[in-house]
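See structure below.
The values are calculated or read from the model by the stated rules, or taken from the named source; none is laboratory data. Everything quoted here is computed from the prediction, not taken from an experiment. Here the Cβ is made from the backbone with ideal geometry for all residues, glycine too, and neighbour counts use every protein chain on show. We work out accessible area using only protein heavy atoms, side chains counted, and drop any ligands, DNA or RNA first. Shrake-Rupley method; radii C 1.70, N 1.55, O 1.52, S 1.80 Å.
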Amino acid sequence: MRMATSTHLEPNWIIRPFRPGDAPAVRRLIESVWREHFHDHPDAFVRDFIYSRLSDVDNADAVYADRALFLCAVADGAIIGTGAIKGFDDRGCELVRMFVAPIYRGRGIAREIADRLISFAGNAGYDRIRLASNNALTASHRLYEEIGFQLTASWDPGGEAHSRYYALQIGGR
């Protein structure tokens, strides 16, 4: 009698902290994902939004130093996913820079990055996490809602024109 065997494939990627020298590759990933979604957006503000807002990546060692963490997913020596946590006050932090290269989506990378960042935030003493996500990124919204993020009011005046705002309470984790 032959017994059925289950096959469990290990992921071909790892998640590690941002390292000095990662900024150019992280920038390329973020910019390429942005182009994928918004290259032909009719609103120039949305189309060009990301390109002038990556100084945190260029200065990640300083920006993500104190009670903050920037993670990179790496496969075959290339950065294929990112995510970060940075504080905005003593009890709250923001989940930012969640991007995964198209050919690596659907493999649990974004979920693993988010889970690690949420765990980090709780261990760092935060009790709430917020995030903003462009209205068009519906797959991201599904992930955030599966994790437990709830829609909340915008903290950026007028931001709701382009983004959804989410919050997650993590106290007691």
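Data for the structure
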quantity: Counted residues, the range 44-67 - those being open to solvent by 10 Å² or more (accessible area, probe 1.4 Å), of a type in the set (A, V, I, L, M, F, W, C) and not in a helix (DSSP H, G or I); calculated: 1
quantity: Qualifying residues in the range 20-33 (those that are touching a residue at least 60 places away in the same chain (Cβ under 8 Å) and out of contact with any Ser or Thr (no Cβ under 8 Å at 6 or more places or on another chain)) - the one least open to solvent (accessible area, probe 1.4 Å); calculated: VAL33
quantity: Residue count, the range 10-43 (criterion: part of a helix (DSSP H, G or I), among the β-branched types (Val, Ile, Thr) and in contact with a Leu (Cβ under 8 Å, 6 or more places away or on another chain)); calculated: 1
quantity: Flag if ILE85 is touching a strand residue (DSSP E or B) at 6+ places or on another chain (Cβ under 7 Å), assigned to a strand (DSSP E or B), surrounded by 13 or more Cβ atoms within 10 Å (Cβ to Cβ) and at pLDDT 95 or above; calculated: yes
quantity: Pair list, Cβ < 6 Å and 6+ apart or interchain, from the range 50-66 residues that are among the small types (Gly, Ala, Ser) to residues that are not in a helix (DSSP H, G or I); calculated: ALA60/PHE18; ALA60/PHE70
quantity: Any chance TYR166 is in contact with a strand residue (DSSP E or B) (Cβ under 9 Å, 6 or more places away or on another chain), in a loop (DSSP other than H, G, I, E, B), free of Cβ contacts under 8 Å to residues at least 60 places away in the same chain and surrounded by 12 or more Cβ atoms within 10 Å (Cβ to Cβ); calculated: no
quantity: Among the candidates VAL26, VAL33, residue that is touching a strand residue (DSSP E or B) at 6+ places or on another chain (Cβ under 8 Å), within 22 Å of SER55 (Cβ to Cβ) and modelled with pLDDT of 95 or more; calculated: VAL26
quantity: Options SER119, SER154; residue that is open to solvent by 30 Å² or more (accessible area, probe 1.4 Å), assigned to a loop (DSSP other than H, G, I, E, B), over 26 Å from ARG28 (Cα atoms) and small (Gly, Ala, Ser); calculated: SER154
quantity: Residue selected from the range 133-151 under the condition open to solvent by less than 60 Å² (accessible area, probe 1.4 Å) and in a helix (DSSP H, G or I), by the criterion nearest to LEU95 (Cα to Cα); calculated: TYR144
quantity: Conditions (1) open to solvent by less than 60 Å² (accessible area, probe 1.4 Å); (2) among the acidic types (Asp, Glu); (3) within 24 Å of TRP13 (Cα to Cα); number of the one not met by GLU36; calculated: (1)
quantity: Single condition ASP115 does not satisfy, out of (1) acidic (Asp, Glu); (2) modelled with pLDDT of 95 or more; (3) more than 14 Å from the chain's Cα centre (by Cα); calculated: (3)
